[in-house]
């Protein structure tokens, strides 16, 4: 093979990060680690190769995490490892990839292609690489995506003695599958998305093993209780809508799901309004509010977002350091449980970035799903070096 | 960058191109004058018409480039002299019935590498703009009403980078004078669009090629805020002038930003399908 046929542009990138989590409270369970300072280390290199013509791309993004206090959080993953060919009106992707669907901020309702890497962060922003064959077709009426999804990924859960575990230990090694082929069940999904004037519209359907497990309890040999993940075959039809006009962005996303108890729906809808160039300083302040609704019954996987209101802000300083601060509160209208989150980040130097992340719980009653996390408030500092 | 001007991306064309050309022909050639005769005419109550004619001629000379790509390095200098850098590539498709479509992909700083900004400029109303955030693998439509805010922390505002459509300002020819030894027209222009950060600007076009050599920006209180200079112009396809260096100095806070351009390539055969929000995830 001639060298010219192999590659054109190679780029090695990625980051390494040192992380400290500070837990001010003692644990709910004496069996959990009570360390108040918990260090971890992350390595995520990225390789991007693109052919001369730009039609072929190869991407590899391995991920490694080492955590001193949570042996299950010490884990590796292939976030991405794929080859993609772009034609005139179509594209084909084979391999492991991450795909995001949705518009809402407080909860990623319709996002379903990838499993959540729950040990990485309780915010469900981190996803495990998913094996797939993705055919994309670009038509005048929008973009059509068809996915064949192979190799189910189990949700990651904190170790029995780790923070952010929840009320009971989780028997993550012995999940139960509805599909007799277990992790080899092939899932599929379809999506259509387009932009028309001020609207962005998406319709999607997923059939296969749902990424959200039910968590029934069972008894261990020693007589203590544990949660056992049960993964069911589901059908989920999703819709996402965004209307962007002047400084207003209106958002709605939701699904209807069958296969976990009776059919149920989930919604997140709201707005983001941005005050640009605040006080003539170039600062942009976005104000967000969303309503979260979910009418699943007790058989389905538990959710905290049954009837909740989210308020948040996003402050971008538009400075040389790229400083951004985000904060939010989610209030449960029934249990009155509240959780608060903050994320901030800025560049310290050309290759260095500091990120701060915090999560706090307030007035969590025993009947709320967050009850098991009520003493796991934390503040996380992450220093990243990019290469 | 459609004209010899500090335009990076986006355009909003209120009248179709042919209307502008007819208008230019009328203003420049009415009464049988050659273009430069008309432009060299006396000031006074004709100053507005002459200013407009100069702007139209600058616009006309850059029409029809179809598309181009370029790489740009941005150097941000703080008042104490410390520097930071951004590197990006840009692709622009010239609009026919509507505004230009443009795509910017950042490669530096490394923490935002792969971040892409897709803009559809429109004749009327706000532009459409999507941003791709690689860490979240997420494409988001964002609000494009913010014209006066800093672009990625630089001294360039978004409105300084938008290709200045003729109809978006009113004009007043001030005087003819030399800029660095080049004979130039000094034209005052006043934003006719909403949300501008400026009361007015003074633009110096060179008389030979109608390239922008210098712009002075006055804030809303009419105080001199920034001075822009463009230099090292090169001609592409025998017609389209592009500067290799742009400098924006903020005279109120002593910060500055340099844009250094290279690898200009014209007529790459881009089409509308290329500028698709579902394709910007794979452009790094």
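The values are calculated or read from the model by the stated rules, or taken from the named source; none is laboratory data. Computed from a predicted structure; not experimentally measured. Cβ sites come from the backbone with ideal geometry, for glycine too, and all protein chains shown count toward neighbours.
Within the stretch A:23-41, the set of residues being without any contact (Cβ under 8 Å) to a residue 60 or more places away in the chain and touching a strand residue (DSSP E or B) at 6+ places or on another chain (Cβ under 7 Å) comprises A:36, A:37, A:39, A:40, A:41. Kindly provide the set of residues from the stretch B:233-284 that are away from every other protein chain (no Cβ under 14 Å) and closer than 30 Å to residue A:90 by Cβ, ordered by number. Within the stretch B:233-284, B:266, B:267 meet the criteria. The residue that is farthest from residue A:18 (Cα to Cα), counting only those in the stretch A:356-368 that are more than 19 Å from the chain's Cα centre (by Cα) and touching a residue at least 24 places away in the same chain (Cβ under 8 Å), is A:367. Scanning the stretch A:83-113 for residues that are more than 28 Å from residue A:304 (Cα to Cα) and away from every other protein chain (no Cβ under 11 Å), we see that the one that is surrounded by the most Cβ atoms within 10 Å (Cβ to Cβ) is A:96.
Residue A:286 passes every criterion in (1) in contact with a strand residue (DSSP E or B) (Cβ under 7 Å, 6 or more places away or on another chain); (2) more than 14 Å from every other protein chain (Cβ to nearest Cβ) apart from (2). For the stretch B:163-192, taking the residues that are buried (at least 19 other Cβ atoms within 10 Å of the Cβ) and part of a loop (DSSP other than H, G, I, E, B), the one that is nearest to the chain's Cα centre (by Cα) is identified as B:163. Residue A:250 meets the conditions (1) more than 10 Å from chain B (Cβ to nearest Cβ); (2) surrounded by fewer than 18 Cβ atoms within 10 Å (Cβ to Cβ); (3) outside any strand (DSSP E or B); (4) at negative phi in every case but one. The failed one is (3). Restricting attention to the stretch A:345-373, the residues being in a strand (DSSP E or B), within 14 Å of chain B (Cβ to nearest Cβ) and touching a strand residue (DSSP E or B) at 6+ places or on another chain (Cβ under 7 Å) number 9. So, residue B:274, is that one farther than 20 Å from residue B:88 by Cα, touching a residue at least 60 places away in the same chain (Cβ under 8 Å) and surrounded by 17 or more Cβ atoms within 10 Å (Cβ to Cβ) or not? Judged against the criteria, residue B:274 is not a match. Among the residues of the stretch B:34-59 satisfying the criterion of being surrounded by fewer than 20 Cβ atoms within 10 Å (Cβ to Cβ) and at pLDDT 90 or above, which is farthest from the other protein chains (Cβ to nearest Cβ)? Taking the candidates together, the pick is B:49.
Of the residues A:50, A:32, the single one that is surrounded by 14 or more Cβ atoms within 10 Å (Cβ to Cβ) and over 30 Å from residue A:294 (Cβ atoms) is A:50. Taking the listed residues B:160, B:97, the one that is away from chain A (no Cβ under 12 Å) and surrounded by fewer than 22 Cβ atoms within 10 Å (Cβ to Cβ) is B:97, with no other qualifying. Residue A:337 meets all of the listed conditions (1) surrounded by 15 or more Cβ atoms within 10 Å (Cβ to Cβ); (2) out of contact with any helix residue (DSSP H, G or I) (no Cβ under 8 Å at 6 or more places or on another chain); (3) closer than 24 Å to residue A:162 by Cβ but one, namely (2). Scanning the stretch A:210-220 for residues that are surrounded by 15 or more Cβ atoms within 10 Å (Cβ to Cβ) and either within 14 Å of chain B (Cβ to nearest Cβ) or part of a strand (DSSP E or B) (or both) turns up at least one hit. Consider residue B:155 carefully, then state whether it is touching a strand residue (DSSP E or B) at 6+ places or on another chain (Cβ under 8 Å), outside any strand (DSSP E or B) and either at pLDDT 95 or above or within 30 Å of residue A:386 (Cβ to Cβ) (or both). When the stated conditions are applied, residue B:155 passes them.
On the given criteria, is residue B:153 at positive phi and more than 14 Å from chain A (Cβ to nearest Cβ)? Answer is no for this residue. Tell me whether the stretch A:269-284 contains one or more residues that are touching a residue at least 40 places away in the same chain (Cβ under 8 Å), farther than 30 Å from residue B:256 by Cβ and surrounded by fewer than 18 Cβ atoms within 10 Å (Cβ to Cβ). The answer is no, given that none of the residues of the stretch A:269-284 is touching a residue at least 40 places away in the same chain (Cβ under 8 Å), farther than 30 Å from residue B:256 by Cβ and surrounded by fewer than 18 Cβ atoms within 10 Å (Cβ to Cβ). Evaluate the stretch B:115-124: report whether one residue or more is at the interface with chain A (Cβ under 10 Å from one of its Cβ atoms), assigned to a loop (DSSP other than H, G, I, E, B) and more than 18 Å from residue B:274 (Cα to Cα). The answer is no, given that none of the residues of the stretch B:115-124 is at the interface with chain A (Cβ under 10 Å from one of its Cβ atoms), assigned to a loop (DSSP other than H, G, I, E, B) and more than 18 Å from residue B:274 (Cα to Cα).
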